[in-house]
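The values are calculated or read from the model by the stated rules, or taken from the named source; none is laboratory data. The structure displayed is predicted, hence computed values, not measured ones. Cβ atoms come from the backbone with ideal geometry, glycine included; neighbour counts cover every protein chain shown.
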Amino acid sequence: MKRSDKDANGTSFHGHEIMLTRYMLINKIGEPDYYSDHNDKVQYEWICETEDGDVFTIYDWKEYKPYNEWTPINWHIGGHNKQVTEQALAELKQLFS
């Protein structure tokens, strides 16, 4: 998995999440592509792609609270279909193992 400059428009949640801290994500994949305040449905989002080149996103969903970089968050994985998000989850688990 790697960061991507591909268009993530149309990606959505297909039931896959991963528990990490924001620090862990920034440390392994860099600063988020999107940041907003705690009043938005998404505060942080990264755009990545699988080893096969399929785009996916990692984002917090409806946290609606400020949190620090050490707070464990259940991050959503968005993709164009369930197979992409399954592959992304497997690659993320490998990256953080």
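At-a-glance table
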{"item": "Only one of ASP52, ASP40 that is charged (D, E, K, R), over 16 Å from PHE96 (Cβ atoms) and touching a helix residue (DSSP H, G or I) at 6+ places or on another chain (Cβ under 9 Å)", "result": "ASP52"}
{"item": "Conditions (1) surrounded by fewer than 13 Cβ atoms within 10 Å (Cβ to Cβ); (2) touching a Ser or Thr at 6+ places or on another chain (Cβ under 6 Å): number failed by ASN81", "result": "(2)"}
{"item": "Hey, GLY10 part of a loop (DSSP other than H, G, I, E, B) and under 15 Å from HIS80 (Cα atoms) or not", "result": "yes"}
{"item": "Flag if LEU95 is at pLDDT 95 or above and either charged (D, E, K, R) or in contact with a strand residue (DSSP E or B) (Cβ under 8 Å, 6 or more places away or on another chain) (or both)", "result": "no"}
{"item": "Qualifying residues in the stretch 1-29 (those that are of a type in the set (S, T, N, Q) and in contact (Cβ under 8 Å) with a residue 24 or more places away in the chain) - the one farthest from GLU49 (Cα to Cα)", "result": "THR21"}
{"item": "Test result for VAL55, without any contact (Cβ under 8 Å) to a residue 24 or more places away in the chain and either polar (S, T, N, Q) or surrounded by 13 or more Cβ atoms within 10 Å (Cβ to Cβ) (or both)", "result": "no"}
{"item": "Pick from the stretch 1-26, criterion out of contact with any strand residue (DSSP E or B) (no Cβ under 8 Å at 6 or more places or on another chain) and loosely packed, with under 12 Cβ neighbours inside 10 Å, ranking: nearest to ALA88 (Cα to Cα)", "result": "GLY15"}
{"item": "Residue list for the stretch 47-65, restricted to those being in contact with a strand residue (DSSP E or B) (Cβ under 9 Å, 6 or more places away or on another chain) and at pLDDT below 95", "result": "GLU63"}
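Residues are listed down the side, and each one gets a yes or a no for (1) over 10 Å from the mean Cα position of the chain (by Cα); (2) among the hydroxyl-bearing types (Ser, Thr, Tyr):
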position: ASP7; (1), (2): yes, no
position: ASN27; (1), (2): yes, no
position: TYR34; (1), (2): yes, yes
position: ASP52; (1), (2): yes, no
position: TYR64; (1), (2): yes, yes
position: TRP75; (1), (2): no, no
position: GLY78; (1), (2): no, no
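Per-residue answers, yes or no, for (1) surrounded by 18 or more Cβ atoms within 10 Å (Cβ to Cβ); (2) modelled with pLDDT of 95 or more:
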| site | (1), (2) |
| --- | --- |
| GLU45 | yes, yes |
| TYR67 | no, no |
| TRP70 | no, yes |
| ILE73 | yes, yes |
